[in-house]
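Right, one structure below, let's go through it.
The values are calculated or read from the model by the stated rules, or taken from the named source; none is laboratory data. None of the values given here were measured: they were computed from a predicted structure. Don't worry about glycine lacking a Cβ; one is built from the backbone with ideal geometry, like all the others, and counts go over all protein chains shown. With ligands, DNA and RNA removed, areas are computed over all heavy atoms of the protein, side chains included. Shrake-Rupley method; radii C 1.70, N 1.55, O 1.52, S 1.80 Å.
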Amino acid sequence: LLDFLKTKWGDLFSWEEIGVDRKSTVKKAFYKESPMQIATMTFTLRASWVHSLKEKRMIVKSLIAKLQNKFHVSAAEVDEQDRHQLIVIGVAAIVPHHAMADSLMDEISAFVEEYCEAEILDEVREYR
């Protein structure tokens, strides 16, 4: 099994022998680098019809709940909490590679554009 793993995923792992006792050794695999990526997005939205923080809170809570339920991501209002017509939503997800991150971010962006009545002023994407 160990030889199979080395041939199949040898470029992702480094191997280290750990002595358990005098008769046996255990080989432990370590990732050379983390295969996971953190994908983050920040949306700045304008809801010009909102005239109170209570109205804004209803929009923000609804959008965050929809994002979390549909895409299984972390989402929160991250800035401009005191301004009732501006909404800044941060979204984060752990993904295995950039291609999946791009796909997920495209889907989230399309979802926000389609299901949120507020105008999208800015969208920032980041990988870490």
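Overview of values
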quantity	calculated
Under 13 Å, Cβ to Cβ, from HIS84 - net charge with Lys/Arg +1 and Asp/Glu -1	+1
Accessible surface of TYR127 - all protein chains present, 1.4 Å probe, nearest 10 Å²	80 Å²
Added length on full extension, which subtracts the Cα-Cα distance from 0.36 nm per residue, GLN85 to THR42	13.8 nm
Highest to lowest packing among 36-42, 85-91, scored as the average C-beta count within 10 Å	85-91, 36-42
Spin-label model distance (nm) - ALA65 vs ILE94, 7 Å beyond Cα toward Cβ	2.7 nm
Probe 1.4 Å - accessible area at LYS61, Å² to nearest ten	130 Å²
Sites TRP49 and ARG128 - FRET efficiency at Förster radius 30 Å, r taken between beta-carbons, to 0.05	0.25
